[in-house]
């Protein structure tokens, strides 16, 4: 007989009630299995997940469309009146689409404009930085996993913590001013400056998320067979050319996935910005999700219908992006099979 | 040492430094400072008193100025090191300041007032950790409550996620049935429906279920993650079907097969999902912000954001609570980082 | 008791018919082997008997009771899988106990049965180990042990030896035969290896493309294969097939002409042949000798494999391949001309449809 260790015994003691519970669950499920056969059990296993999906994802998705065609401030559908496309009309009423101030719903167009520039700049810069980092990490480094972890660290932090960390650094008495002070630059209140807050939200979100994309790109780089590089070296190919002709083309699928993934996340930017700037000063860092949140819940003049309409428009953008991502994934899978 | 440093500082050009080596090391060391620096700075700051926090230029370590109670004065007086006219230095307590001159007394001989030019005195300071930044929010504010709420939400949501997702993954990986691809498609489609798109109607559903201002209202919408189903299904596909046939021959019911055979064998993937889920739920912000409006129900994230958004921000408390909020994630990072990074690199999911 | 009767078993996956009207009676205590090339449906047939697959048509009876609707768990059968399918997270003991616990057997009896099976299979020493810590042969024993403790009405074995190396396979084969003799229960065994089938079976079921080609004792199949497929499948190396034609018919003898103008005399007492019929003549390589007699075939030697105890000659007979296995060591090399004699060899005649010619 083997000797059972104390931890084993303790473990089985702790698991005893769980085992009992599972046995009790088994009794009715056995009856179900008897009645429906093995195939019927698939439905039983799928049911809880599908139920939760249905209630908390699919149902809201459908209701959202109804919502966007109703008006008033009430949240219960029965208390809302049908207004047709009025909410959409309101969103799209503009004398000049390039000037948010000329629109009826100026905050929406401001948020759209801000989000657009945020997405363009943040994704471009972040993927650039991530790619450089991944290339550097892919070199013959000692302690590569340590360095990889360094860049990954902020990814795990909560957006609220990220917002607070940087809010603290960008304070008037903060670390940034302290650093600049060493070079004789006077302290500045960064978070009250329209331009600087916008730049800050981009910088902070790059800081917080680049580790994830670095990780995916690094995995892609490491999947490129080493012998290709060796062959190129035998041919005397210049490093720049190796990068352009071997690394980039072979990394392209990963790069594309990463770009789309980053786009999807950037469009929805909210948490860390909300904590860092609250959307301000003014509306300089008001992004779409915050617009939806405030229109739907926070402001005194809340209009859930309008928020629903705006969220559907945002959803459309995300659907397009996700379909592109799935398309890339599918193509990659087919290639893999071949 | 020589060998070690040569190994760590391996270079492309052999002995000499190629420009790419310089770039690499500048980038890596810069990254080290930029990635960890802010959090470390925050952690150091969290031990400072409000007075020290207001200082500029700031010090790195938390200093407090020393004070002394001097006979004849009600309040404690601040201690300074003053340069005396004769060139010696003396520790004096400041009584009051008039223009550029400070009236000071020697704590040992409190009778005599000494006038010192303010340029000739420096405060006496010592390193001291303001641990009350940590204890006060827990004892006098609701932060202990918030911490408990966060832990409850995280643990409960993770457990339900693991059970519900693994059941669905089992059905989708080990059974042939009509509508399987439809189910897969629906789950896939929900990847496209982030919270920000459905928050308005979801709120109304939560309210009509009576889950507004209820922690279950925070938990339930998050537990049927498509990502979780995918990770687990992918893993379960690698479990041989013969094992399940064997269990069926062994008179096991389908539930027993799930619970006694498939679940234990999926442990590695369950662990990955558990880690992800803990981090996700601990960090969740927007949805709790919407569902929870009563102070005693806030999670740490919501509590922090509300307190930091107040006009009169009490940074010393906020910083300390931010550190507390960071702790579980830092622990996950230190002990499970490798697990997560390989998990993400393998699936491309987060 | 372990009598299994299959009547008109049909099984299709979508539009693909995997089993077509299988009829079979398996007697109690019989060791029956399903053999055939991969994809012939033998494993599917086993799984339908087990209850792991539902039949599309037909009836399965165990001891006279229809079990079509009875689940795998309740048919009272035990199965040994090709991959052994041991539960990797359980010790050997737990693996053996799992099925018994599921039928709520008292603990003492579970322990007794495990001990008994462990002794029989000599796996007592590693009852507390996990399958991952065992060698392939040990795992195989555990897999059999898991079936034995159940005391099933019949054992179903799905290519249980295919994951073992050649040497172990031979010894385990012998042990399996001994085990069957000891337990005396019905065993249904699936393999694609005809040597396993020949050595183990009371009766062999040869299958091809979802149909049973022939059922019989190993020697039945060897001596009187019902068709060309069975003839080619049973016996190693494969039977030689030569194209031929009926040249003359006399009472008791038929004279066949082969492509090269050779004439072979075959004892024949039926009425199913007439002069001019095209036939296939089957000759086992072991029945060919190296000799120069009047009826011998003149061939060109292509390749010689000297195995020491015997010599395998690959020869060319007017463009047709001919394989001969002759005992002993022969001084012969590729390129040589040789005379191969089939005098006295049993010749198997198959008609155009590949069926054995009656009376031959």
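FYI, it's all coordinate maths here, none of it is from the lab. Since we're looking at a predicted model, the values are computed, not measured. Positions of Cβ are backbone-derived with ideal geometry, glycine not excepted, and every protein chain shown enters the neighbour counts.
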### Message
Given the -39500 (n - 2.57) contribution per DSSP H run of 4+ residues, what per-residue ellipticity at 222 nm results for chain C, rounded to the nearest 500 deg cm²/dmol?
### Response
-7000 deg cm²/dmol
### Message
If you take each beta carbon of peptide B:28-40 and count the beta carbons of other chains within 10 angstrom, what is the mean?
### Response
5
#### Entry: Separation of alpha-carbon centers, segment A:139-166 and segment B:64-107, rounded to whole Å
47 Å
### Task
Among B:255, B:216, rank each residue by its count of other Cβ atoms within 10 Å, from fewest to most, as a rough exposure measure.
B:216, B:255
### Message
With just the Cα atoms defining each centre, how far is segment A:49-77 from segment B:188-243? Give it in Å.
### Response
15 Å
### Message
Let me confirm one metric for peptide B:180-190, namely the mean number of other chain beta-carbon atoms within 10 Å of its residues' beta-carbons.
### Response
3
### Task
On a C-alpha basis, how far is the centre of segment C:52-68 from the centre of segment A:261-319 in Å? Whole number, if you could?
62 Å
### Query
For A:192, B:227, what's the fewest-to-most ordering of other Cβ within 10 Å of each Cβ?
A:192, B:227
### Relative contact order of chain C, defined on C-alpha pairs under 8 angstrom at six or more residues apart (%)
15 percent
### Task
Over the whole of A:57-67, what's the average partner chain Cβ count within 10 Å per residue? Rounded to a whole number, please.
6
### Summary
Per-residue ellipticity at 222 nm attributable to helices in chain B (runs of n ≥ 4 DSSP H, -39500 (n - 2.57) apiece, nearest 500 deg cm²/dmol) works out to -17500 deg cm²/dmol
### Relative contact order for chain B, counting Cα pairs under 8 Å that sit 6 or more residues apart, in percent
18 percent
### Message
How would chain B be classified by its alpha-carbon gyration tensor: rounded, prolate or oblate, with rounded meaning a/c under 1.5 and the a/b versus b/c comparison settling the rest?
### Response
prolate
### Task
Take chain A, connect every pair of alpha-carbon atoms lying under 10 Å apart with a spring to form a Gaussian network, then pick out the residue of A:57, A:275, A:123 with the largest mean-square fluctuation.
A:57
### Task
Using only the Cα atoms of segment C:28-168, build the gyration tensor, take square roots of its eigenvalues as a ≥ b ≥ c, and label the shape rounded, prolate or oblate: rounded if a/c is under 1.5, else prolate if a/b is larger than b/c, else oblate.
oblate
### Task
Please report the relative contact order for segment B:63-127, taking Cα pairs under 8 Å with a sequence separation of at least 6, and give it as a percent rounded to a whole number.
34 percent
### Task
Return the calculated 222 nm mean residue ellipticity for chain A, to the nearest 500 deg cm²/dmol, obtained by summing -39500 (n - 2.57) across DSSP H runs with n ≥ 4 and dividing by the residue count.
-23500 deg cm²/dmol
### Query
Sorting B:175, A:213 on the 10 Å Cβ count, fewest up front, what's the list?
B:175, A:213
